[in-house]
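Please read the structure below before turning to the comments.
The values are calculated or read from the model by the stated rules, or taken from the named source; none is laboratory data. Please read these numbers as outputs of a predicted model, since none were measured by experiment. Quick reminder, even Gly has a Cβ in these numbers, built from the backbone with ideal geometry, and neighbours come from all protein chains shown. Ligands, DNA and RNA are excluded from the accessible area calculation, which covers all protein heavy atoms including side chains. Shrake-Rupley method; radii C 1.70, N 1.55, O 1.52, S 1.80 Å.
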Amino acid sequence: MTVAAVGGSTLWFLSRATGIVAFVLLTVTVVLGIVTSLRWQSREVPRFVIEYMHRNVTVLVLALIAIHVTTVVVDGFAPIGWIAAVIPFSSPYRPIWLSLGALGFDLLLAVAVTSWLRHRVGFRVWRFLHWSAYASWLFVLVHAFGTGTDTRQGWALLVEGGCAAAVVVALWLRIGTQWQEHTRVRVAALVTTVVVPLALAVWLLVGPLAPNWAARAGTPRSVLTHTAQNRSSR
Ligand code: HEM
């Protein structure tokens, strides 16, 4: 059975499903990272288990992203080449929102590689890049909202919104218990955890959830026409 016979849609469903699951697991590993930095543990969940999960969930995320990108490229419905997985602005398909996915992936790769080579890169480089995991997560959230077909679905908003809430609450815990001697850092971090979600919510309402987003987001005319034809032929 050829890819065409399988139907791009099977690959398309798989790319959406692996994207969503990868994002949920990326959120889990970010929250586990914050729990690790809080040095939290209990008798049932000792610290080494949390650290083990933090490391290994990341491996699963990278594997899922590989499937996500492969199914998008092999599907071929949208003009997205392999290079678009790591080089921002190398595809004409929703350039800004797709590029945020590539940037999120690049940062995640840098975080993973420097963690595997931590003894070689040194603590300072490792820690600097590890902080960019927060940027990677945020880029991917906006990527999902900006490119995702399911963004308008209640369940997708619930899942992606729930992930955002989990990271914000974990950050509040961290801000509440750490950096006691750095008041300015704490206030800046707290303001960021309120302003960024609010700005995202406003952007969602006037952007991906508002009419005509596919065209405004930079979907090539050929894809828009093809999608409209597909819809009318059903
Ligand atoms: C950190 C890495 C990434 C994660 C966690 C991720 C996650 C997601 C999620 C959650 C969606 C929304 C799916 C939906 O609405 O059903 C999505 C959509 C999409 N992603 Fe990614 N993504 C990542 C990187 C990339 C990269 C590098 C590419 C480029 C090849 C890419 C291409 C796409 C495309 C084309 C869509 C739209 C699929 C659709 O029609 O819904 N993603 N991604």
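Observations
- Tally, over segment 1-13, of residues that are modelled with pLDDT of 50 or more and open to solvent by less than 80 Å² (accessible area, probe 1.4 Å): 5
- Scanning segment 126-149 for residues that are near the ligand (Cβ under 9 Å from one of its atoms) and of a type in the set (S, T, N, Q), we see that the one that is most open to solvent (accessible area, probe 1.4 Å) is 149.
- Tallying residues that are within 24 Å of the chain's Cα centre (by Cα) and surrounded by fewer than 11 Cβ atoms within 10 Å (Cβ to Cβ) within segment 184-205 yields 6.
- Residue within segment 151-158 that is surrounded by fewer than 16 Cβ atoms within 10 Å (Cβ to Cβ), part of a loop (DSSP other than H, G, I, E, B), of a type outside the set (A, V, I, L, M, F, W, C) and within 13 Å of the ligand (Cβ to nearest atom) present: yes
- Test: residue in segment 105-125 that is in contact (Cβ under 8 Å) with a residue 40 or more places away in the chain, under 30 Å from residue 224 (Cα atoms) and surrounded by fewer than 17 Cβ atoms within 10 Å (Cβ to Cβ): no
- Residue in segment 117-125 that is within 14 Å of the ligand (Cβ to nearest atom) and in a helix (DSSP H, G or I) present: no
- One residue from 97, 137 being closer than 18 Å to residue 21 by Cβ, in contact (Cβ under 8 Å) with a residue 60 or more places away in the chain, in a helix (DSSP H, G or I) and in contact with a Phe, Trp or Tyr (Cβ under 9 Å, 6 or more places away or on another chain): 137
- Candidates 16, 47, filtered to the one that is basic (Lys, Arg), more than 8 Å from the ligand (Cβ to nearest atom) and either modelled with pLDDT of 95 or more or open to solvent by 40 Å² or more (accessible area, probe 1.4 Å) (or both): 47
- Extreme residue, farthest from the chain's Cα centre (by Cα), among residues of segment 171-183 that are part of a helix (DSSP H, G or I) and either among the polar types (S, T, N, Q) or at pLDDT below 90 (or both): 183
- Of all the listed residues (72, 61, 21, 86), the sole one being within 30 Å of residue 203 (Cα to Cα) and open to solvent by less than 20 Å² (accessible area, probe 1.4 Å) is 61.
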